Amino acid sequence: MKYLKFNFTIPEHLQEYFIAELMDLDFYGFEQFDERMEAYVEQRRYNDSHREFIEQLVSIFPDVSFSEEEEIEEQNWNQTWEQSIQPQRIGRFLVKPTWSSEVASDDQILLEIDPKMSFGTGYHPTTRLILRELGKMPLKGKKVMDAGTGTGILAIAAIKLGAAYAIGFDTDPWSKDNAFENTLINDVQDRIVIRFGGIEQVSPEDLFDISLANINRNVILEIIPFLVAHTNIGGQICISGLLYSDEDIIRAKLSDQPVNILNVEREEEWILFRFEKIDTISGLS
């Protein structure tokens, strides 16, 4: 499989915004520097309309430019930096790679996550937002769905907070393999099923108590009805991968669904929504 690499000259404060826009175009590998960023996309998914969009986006910002795409062979994008990943304390969790000797305190829950190409190391604000929010949610004995599972970090965190069972699925083959490896590392493989694919991996009759999705705006907008349909009445749904500027469009989408918004959190330019499915007949959750 071949990839295209784009080199952006871009101020640091604009990088998260550009990442969100590029993720909507199926870019999913990024390396960020002080005033520069590299972005990767599968060659087979890239076409002229993608380039036109990027050119239009760049034209809005005088201090942003990009070079011609560079063709490269498949590789592990994280290989050059994964050894530098440092442990993070996020809410109730200590998130660290297996090669770190950091020890969780008595009041912390250990998450050992070895990233490959997958999104979800705990370094991105949206991952941190959901990890913190999970600590506020009623997870004990619950059945959890994690759409776009990435490294599996959210499904694993849910199990460690007391959930009985989780299913995670992702369209990225690297993510599927990486998530399964991480379930083994955390000794939760008997309570998490990892599948390769999209929402078709969930049977029509399947219902969950907790549904999670940390993807991007376009995918989130598309699958909100699916998430609601596959969540039990009274169950909770938590979504992120969204910019603060997406708040109004997400609220508008949710207004058409049988849900009550419970919480909206923000970190940097990113936001999280948590909402509850209600019974439209009785009006009760």
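Where a number appears in this text, it was derived from the coordinates with a stated rule and is not lab data. As the structure is a computational prediction, the values presented were derived from the model and not from experiment. Here the Cβ is made from the backbone with ideal geometry for all residues, glycine too, and neighbour counts use every protein chain on show.
Numerical summary
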quantity	calculated
Least to most buried among Leu161, Leu57 (fewest other Cβ within 10 Å first)	Leu57, Leu161
Separation in nanometres of the label points that stand 7 Å from Cα toward Cβ, at Ala252 and Phe61	2.4 nm
nm² value of the averaged projected area, convex hull over the Cα atoms of the stretch 97-251	9.1 nm²
Positive-pole candidate from Gln86, Leu131, Gly29, dipole of the chain, charges at beta carbon	Leu131
Angle between the chain longest axis and helix 12-23 axis [Cα atoms, degrees, rounded to 10]	70 degrees
Chain lengthening between Leu262 and Arg36 when straightened (0.36 nm per residue, less Cα-Cα)	77.6 nm
From phi via Karplus (6.51, -1.76, 1.60), per-residue ³J(HN,Hα) for the stretch 231-241 in Hz, x at Gly/Pro	10, 4, 4, x, x, 10, 10, 10, 10, 8, x
Extension gain, Gln189 back to Asp24 (0.36 nm per residue minus Cα-Cα distance, nm)	56.3 nm
Unit charges on C-beta of K, R, D, E only; dipole of the stretch 2-73, Debye	180 debye
Relative contact order for the stretch 149-189, counting Cα pairs under 8 Å that sit 6 or more residues apart, in percent	52 percent
Size of charge dipole - the chain - debye, nearest 20, with Cβ of Lys, Arg +1 and Asp, Glu -1, no other charges	1280 debye
Of Lys96/Lys176; Lys140/Lys253; Lys140/Lys277; Lys142/Lys253; Lys253/Lys277; Lys160/Lys253, those spanning more than 23 Å from alpha-carbon to alpha-carbon	Lys140/Lys253; Lys142/Lys253; Lys160/Lys253
Positive-pole candidate from Val202, Thr231, Ile271, dipole of the stretch 158-285, charges at beta carbon	Thr231
Residue-wise HN-Hα coupling along the stretch 243-259, computed from phi with Karplus coefficients 6.51, -1.76, 1.60 (Hz; x: Gly, Pro)	7, 4, 5, 8, 4, 5, 5, 5, 4, 5, 5, 5, 5, 8, 10, x, 9
Global form of the stretch 2-73, assessed from the alpha-carbon gyration tensor, a/c cut-off 1.5	prolate
Label point distance in nm, Glu70-Glu52, each placed 7 Å from Cα along Cα→Cβ	2.8 nm
Cα-centred dipole magnitude for the stretch 150-285, charges only on beta-carbon of K, R (+1) and D, E (-1), debye, nearest 20	180 debye
Interchain or long-range residues, amide H under 5 Å from Ile109's placed H	Phe93, Leu94
Between 0 and 90°, nearest 10: helix 173-185 axis offset from the chain longest Cα axis	50 degrees
